[in-house]
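FYI, it's all coordinate maths here, none of it is from the lab. This is a predicted model, so every value here is computed, not measured. Cβ placement follows ideal geometry from the backbone for every residue including glycine, while neighbour counts extend to all protein chains displayed.
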Amino acid sequence: MPKGTYYFPEHFLWGTATAAAQVEGRNQNSTWYAWEKEEGRIVNSDSAQVACDWWSGRWREDFDRAQAANQNAHRLSIAWSRIQPEPDRWDEDALDRYREMLTGLVSRKMTPMVTLHHFSEPLWVAEMGGWENEAIPDLFAAFVRKAVEALMPYCNLWVTINEPNVFAYGAYLEGNFPPGKQDLKTAVGVMAQMVRAHARAYHTIHELQPESRVGIALNVRGFKPATWSPLDKLAAKIYSNLFNEAFPKALKDGVYQPFLRKEQIPEAAGTQDFLGINYYTNELLRFNPFAGGGMFATGSFPKNTALSESGDIANIPMGLAESVVWGNKFGVPMIITENGIDDSKDAIRPRYLAEHLHALWKVMNGNYPVEGYFHWTLVDNFEWERGWSQRFGLWELDLETQARIKRPSAELYAEICRTNGISADAVEKYAPDAMPALFP
Ligand code: NOJ
């Protein structure tokens, strides 16, 4: 039997994704610094104050690792709270540090993709009312102007806002992100503010760098009805609209339309050059008026689906392909800006990785335009309210010693990046349990 390889297109971007607050450490000006100090906010009272120690320079060794593992791109975020620690002060040293990091990527022949807002802001922004403040689009645009002016010699691929849906609902509905509010109406309003802030950032970046490509990274979660009940169907439809659809639709036609609300935001029309998709899992929904927190459904995963260590993520590779088919309606190319699983023992990750990339390969062969894939993540990092309890890294992090320990998935991904494809040899060696699905 000949052994096959599923090849990806030439110049496909292969990388990992990270975020400042999760890897850098030593930042006292960010909302998460204050948040982790509050009792009960983070699992096990974990801290991000050292994290992966990038701010002290360990980004160098991690970029070396990524380069040696054949990655040709890296997605990172820069911290607004470092660049503008006070309303009237720009920190040139912080900008220099980011310049160095981006030069570090370019010199390693890795294409940088920079996220401008990834779940955290300066404390002074929070004190002024955060995303509920009317002025936030202007404040954000001023920061974006400063950051892009400094960094555009090294980067032309920008993500304005990471997962505006997860952020707005986490921070203003579920209350597990700062500022910890719990109100659906506020969360929906914050999303509108984020549409405006994105639009301002988009136009600012294009004014400074006409050749740039600007988009968002959206968490896309396929919601399916758990049963044939019309109420479950309705719940899935409403959740899909609120969570997946409302934001990117507004960037296409300038109309923000979550469920029963409709708002014209004309400056947002046509403000995405690509759609970044963060896909982790699909979910089944059952209508439940007592779900709490202003929501009306409870989620579950299909029976007999392998789950991640924490149980938060189910291995549903076709969901990635479905999110690409769904995303195509916005009429721009797509980039998988995140995909991964928490798995400290690397028990399921090799299979998850191989099967998701195979699903991606299949949908791309149906002519859906996808330009790259960023695995979440390079080295275990601080998982927000879940602290260090979830481990998403291709490399394990020993928090005591800062040692990085390579997981088998890192070898598998390195082979995929090297060959620009998924070979039977690599799958047989590193993810044998994916063989029946990939190479029957
Ligand atoms: C998506 C978020 O963008 C990222 O910050 C987070 O760590 C991963 N999901 C995994 O939970």
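Structure notes:
- Using a Förster distance of 22 Å, the FRET efficiency for Q182-D138 (Cβ separation, nearest 0.05): 0.20
- Distances between placed amide hydrogens fall under 5 Å for H375 paired with G15, T16, A17, all partners being 5 or more residues away or on another chain.
- Structure-based [θ]222 nm, the chain - -39500 (n - 2.57) summed over DSSP H runs of at least 4, per residue, nearest 500: -11000 deg cm²/dmol
- Rounded to the nearest whole Hz, the Karplus-based 3J(HN,Hα) values (6.51 cos²θ - 1.76 cosθ + 1.60, θ = phi - 60°) of segment 291-308 follow the sequence 4, x, x, x, 9, 9, 7, 10, x, 7, 10, x, 4, 6, 9, 5, 10, 6, with x at glycine and proline.
- Taking N as the residue count of segment 228-337, its C-alpha radius of gyration divided by 2.2 N^0.38 Å amounts to 1.19.
- The amide H of I335, built 1.01 Å from its N in the peptide plane, has L275, G276, I277, E371 as neighbours under 5 Å, considering only residues 5 or more places off or on other chains.
- Remark on segment 347-440: hydrodynamic radius 14.4 angstrom, per the Kirkwood mean of 1/r across alpha carbon pairs.
- Derived scalar couplings ³J(HN,Hα) [segment 129-134; Karplus, 6.51 cos²θ - 1.76 cosθ + 1.60; whole Hz; x for Gly, Pro]: x, x, 7, 8, 6, 3
- Potential extension, R89-A68 segment - 0.36 nm per residue separation minus Cα distance: 3.7 nm
- The spacing between segment 25-53 and segment 334-407, judged by their C-alpha centroids, is 23 Å.
- When the Cα positions of P179, T103, S229 are compared along the charge dipole of segment 11-419, S229 comes out farthest toward the positive end, with charges on each C-beta of Lys, Arg, Asp and Glu.
- Evaluating 6.51 cos²θ - 1.76 cosθ + 1.60 at θ = phi - 60° for every residue in segment 73-87, the Karplus couplings come out as 7, 8, 9, 10, 10, 10, 9, 3, 5, 8, 6, 10, x, 9, x Hz, glycine and proline recorded as x.
- Compactness relative to 2.2 N^0.38 Å, alpha carbon Rg of segment 103-172: 1.27
- Placing one equal scatterer on every Cα of segment 1-70 and applying the Debye formula, the log10 ratio I(q)/I(0) at q = 0.11, 0.23 Å⁻¹ is -0.46, -1.03.
- Qualifying trypsin sites (Lys or Arg not before Pro) in segment 1-103, DSSP loop, other Cβ atoms within 10 Å at most 14: K3, R26
- Only Lys, Arg, Asp and Glu carry charge here, each on its Cβ (+1 for the first two, -1 for the last two); on that basis the chain has a dipole of about 1140 debye about its Cα centre.
- The chain: DSSP helices with Cα axial extent of at least 30 Å and average Kyte-Doolittle hydropathy no lower than -1.0: 184-208
- Other residues lying with their Cβ under 12 Å from the Cβ of A297 contribute a combined charge of +2, Lys and Arg counting +1, Asp and Glu -1.
- Computed as a quarter of the hull surface, the mean projected area of the alpha carbon convex hull for segment 172-252 stands at 6.9 nm².
- Dividing the alpha-carbon radius of gyration of segment 285-403 by the rule-of-thumb value 2.2 N^0.38 Å gives 1.23.
- Spread of Cα-to-Cα distances over 10 Å intervals beginning at zero, given as percent, for the chain: 4, 22, 34, 28, 11, 1, 0
- A dipole drawn for the chain from +1 and -1 charges on Cβ atoms has a positive end, and of Q402, A135, N288 the residue lying farthest that way is N288.
- Kirkwood Rh in Å, taken over all unlike Cα pairs in segment 231-273: 10.6 Å
- Calculated P(r) tail over 17 Å for segment 53-128, as whole % of Cα pairs: 49 percent
- Here's the picture: a label point sits 7 Å out from the Cα of W228 along the beta-carbon direction, and within segment 282-311 the residues with their amide nitrogen under 20 Å of it are 284-288, 302-303.
- A DSSP coil position with no more than 11 other Cβ atoms inside 10 Å describes the following chymotrypsin sites (Phe, Trp or Tyr not before Pro) in segment 189-294: W228.
- Pairwise FRET efficiency - V255 versus K406, Cβ, R0 = 56 Å, nearest 0.05: 0.75
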